[in-house]
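Input: a single structure, listed below in structure tokens.
The values are calculated or read from the model by the stated rules, or taken from the named source; none is laboratory data. Source: prediction; values computed, not measured. Glycine also receives a Cβ, built like all others from the backbone with ideal geometry; neighbour counts cover every protein chain displayed.
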Amino acid sequence: MTTLRQATEAFVAVYHARPRLVADLADWSLRIELRIAGGGEAVAVRIDHGRVVAIEDPPGAGRADLVVTAAASVLLEVLALRMSPNEPYLFGELLVDGPEAAFLRLDYLVTALCPE
Amino acid sequence: MSGVSGEASDGAPPGWALLSCSSGTAVASVCIFGVFDLQALVGGVWSVAAVVMAGLLCQLLARRVARLYAVCPSGAGLIAQISRALGRSAALIAVLPYLLLTLCLVGAESALCGLVLAQVLPIPAPLGSLLFLGATWALCRRGVRLGQVAQAVCTGALFIGLIGLATALMIDTASRGLLLARLSAPTPSFAALAAATGQALFLFMGFELVTFQAGGRAPQRVGAVLGLSVALLTGFYAAVALGIACLPVAFERGVLAAPQMLLAGHGGGKVAMVAIGAVSLLASYTSFNGALLALSRLAAALSAQGLLPRALARVEPRSQVPRRALDALLVVSVAATAIVLTSGAILPPILAAAAAAAAMYAAAALARERPPFREDHRGRARRGLGMVFAGGLVVLGIGAVLDAPSLRDLIAAVSLLALAYAGALALARRAARRRSHG
């Protein structure tokens, strides 16, 4: 199992332990790909009505709705809830390919999970 | 070029939508005022020369911004790219003053919108300003954004309307044999022309925000749109400058007035005034809406990092809008509008914004000459020229401020700049301390 997948699974467990937040995002269904910059590891997360229904490692065929690319250290910091994705995004250390609204929702989700 | 007219199969907005966003964000009532002020500064055809020179500089800049976006395709814009090349602190110091002074420009913009509304509706100008601010803020707070088609229609109507009026004025002036007399003006000093060019840079402010709209996609199309947008804006402002030069009025710097209504009044009468009033309000709305959304998101992101009060970071889950940050921005905008309306000092925010824009564009030009944006094969001479270009932008920005028409305007513009840079410096230091503490 890759480090990225482990971190993603841990993140999903924390998220699913917050049913109100999952319910808040019940109208959210999409496929998000997380990529380590420079052709490193990648995983895809499939979300259906706010719940994560699959983690693909490596990502399967088919276009992701949102692709998030960053250095391993940045992605792992975000998945460990030590940083919101918006911070590295603002400073060009995390790149997003996809609709801004989807990224804003992802940032909302992570920020809601981050300890104050 | 094919990317500009082609279908957007890559998920990014099509070329025409990006073009209308880029040029529509740059054009607002305060820009038309800026063209009017150029007429008072250098006069006649020289104001057109200042616009064209600023346009040429922005064309060079557009190529650099396109390179930055191709290497770092971030929807966050220049702050992301400057940060990659020069570091986070430098990016904050380069970009934050520009954004903070945008809020001061919003004060000038809503004051002008109040004047426009007062000319077409039986209401006083301050009430018109408040109505404009309140309505734009309320729509923004609900997450309402103008659609691509609506934005393109607004921008197109404003461009066609004002260029049409300017052309009508020129034809009328020519038919009376006065065109040469109106366009000819004493040759300005080199310093005055440079100051006018520096001030004209502010007319293009916002053209680079197309990278927000593209959302990290379609770098080739974005590159083409950046160049096209600058060319379009240069043509538009040059036409408006020619039209304004033909107006039979005395030009005085820094007087609070809505020149697009003056143009409409002379070029087409009451119907034209109502039509131009409506499209210029829509253009102001799109500019203010874009500024509010971008600034509120930045304020929320900085708050989430603990650099601003954490309460501003809260995002409303349904609309995905940081409502508290928007509320704070409304308070600042109302205060800026009140200052402009009570003091009548509309020029200081324009001059300060011109200088901050020039400095940020200079930082972007510098970033282009550093890794990861500099190509390995880029020679010393081209890098040197890039540095000279960046330095030239800074000098032009400073020149625009120093050429303020009165000591009061000069002190006010310098104070605004000092406040904006002090604020940015404080935030950059705080961010650096926070990072060094892990």
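A compact table of results
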{"item": "Residue check, B:Gly143 modelled with pLDDT of 90 or more, at positive phi, within 14 Å of chain A (Cβ to nearest Cβ) and surrounded by fewer than 19 Cβ atoms within 10 Å (Cβ to Cβ)", "result": "no"}
{"item": "Residue in region B:42-53 that is modelled with pLDDT under 90, on the phi < 0 side of the Ramachandran plot, assigned to a helix (DSSP H, G or I) and surrounded by fewer than 20 Cβ atoms within 10 Å (Cβ to Cβ) present", "result": "no"}
{"item": "Some residue of region B:15-22 being within 30 Å of B:Ala195 (Cα to Cα), of a type in the set (Phe, Trp, Tyr) and either away from every other protein chain (no Cβ under 14 Å) or not in a helix (DSSP H, G or I) (or both)", "result": "no"}
{"item": "Flag if B:Leu56 is in contact with a helix residue (DSSP H, G or I) (Cβ under 9 Å, 6 or more places away or on another chain), surrounded by fewer than 21 Cβ atoms within 10 Å (Cβ to Cβ) and modelled with pLDDT of 95 or more", "result": "yes"}
{"item": "Qualifying strands (runs of 3 or more DSSP E) (wholly inside region A:6-116; at least 3 residues being within 14 Å of chain B (Cβ to nearest Cβ))", "result": "A:30-36, A:66-70, A:94-97"}
{"item": "Residue identified as basic (Lys, Arg) and in contact (Cβ under 8 Å) with a residue 40 or more places away in the chain among A:Arg31, A:Arg51, A:Arg105, A:Arg82", "result": "A:Arg105"}
{"item": "Which listed residue, of B:Gly265, B:Gly216, B:Gly277, is within 22 Å of the chain's Cα centre (by Cα), at pLDDT below 90 and under 30 Å from B:Thr342 (Cβ atoms)", "result": "B:Gly277"}
{"item": "Positions within region B:286-313 being surrounded by fewer than 21 Cβ atoms within 10 Å (Cβ to Cβ), in a helix (DSSP H, G or I) and either touching a Phe, Trp or Tyr at 6+ places or on another chain (Cβ under 9 Å) or within 14 Å of chain A (Cβ to nearest Cβ) (or both), in sequence order", "result": "B:Leu293, B:Ala294, B:Ser303, B:Arg310, B:Ala311"}
{"item": "Evaluation of B:Arg380 against (1) within 13 Å of chain A (Cβ to nearest Cβ); (2) free of Cβ contacts under 8 Å to residues at least 12 places away in the same chain (one fails), failing number", "result": "(1)"}
